1. How charged is the neighbourhood of Val29? Take every other residue with its Cβ under 10 Å from the Cβ of Val29, and add Lys/Arg as +1 and Asp/Glu as -1.
2. Considering only Ser162, Ser91, Ser34, give the residue with the highest GNM mean-square fluctuation for the chain, with springs between Cα atoms whenever their separation is below 10 Å.
3. Go through 114-121, 2-9 and give me the packing order, highest mean Cβ count within 10 Å leading.
4. Along the charge dipole of the chain, Cβ charges K/R +1 and D/E -1, which of Thr97, His21, Gly4 sits furthest on the positive end?
5. Which of the peptides 48-61, 167-180 is most tightly packed, and how do the rest follow, judged by the mean count of other Cβ atoms within 10 Å per residue?
6. Just give me a number: lysine pairs in the stretch 68-189, eight or more positions apart or cross-chain, with C-alpha atoms less than 26 Å apart.
7. Simple spin-label model, 7 Å along Cα-to-Cβ: Trp20 to Arg185 in nm?
8. Okay, which of the stretch 47-79 sit inside 11 Å, backbone N to the point 7 Å along the Cα-Cβ direction of Ser9?
Amino acid sequence: MLIGYARVSTDECTLDVQVWHLHDTGCEVIYEDSLLEDEKVRPALRRLLQEVEKGDIVTVYRLDRLARSTQHLLEIAECLRQKDVGLRSISEPWLDTTLPEGRIVMTVFAGIADFERALIRERTAIGRQNARQRGIHMGRPAKLGPAENVRIYEMVTRDGLSVAEVAERFNVHKATIYRIISKCRSKKR
């Protein structure tokens, strides 16, 4: 059975053109998602993925109506493949996973998605390294300032308070106190 999926994501778009093309292609059932607050929540797509059966062919007007990214497209295609369900795009006729050519295209997409992820990881790592070199703190802001760190170090080393007592006074975990002590000791060397 041919099953259609249509989605709009902006106020300017309507489902009419997509639905017309899907009916024209022979889709017997069409799942529709309208403009949503949270783009990740697509009840009709979720229902479609649950209800399709072996031998069905999911048809979309354009691939960007189905998936948010190459990775998302691959996840949907894999879900369909596991159920022995095909995937077709009206506007991209080269994507028809019921044919060997379409399966090759999906394999190429998988390679591209893997390449994209590697580039993103590399750029992120370089960005973090550059930020650290400029003295920008990465992660959550420090709960305690430099003066408090010195006071904590003195409370433990000079005043003889236990790490647990100091942690309780400053409302932090004991590991935080141990890190502060370690940093202060390394600065004094």
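1. That works out to -3.
2. It is Ser162.
3. Put in order of decreasing packing, that is 2-9, 114-121.
4. In the chain, that residue is Thr97.
5. Answer by packing, highest mean first, reads 48-61, 167-180.
6. Step by step, the pairs that qualify in the stretch 68-189 add up to 7.
7. 7.6 nm
8. 63-70, 72-73, by backbone N distance to the label point.
Laboratory data are not the source of any read-out in this text; all were calculated from the coordinates shown. Quantities reported herein were computed from a predicted structural model and do not represent experimental measurements. We place every Cβ from the backbone using ideal geometry, glycine too, and count neighbours over all the protein chains shown.
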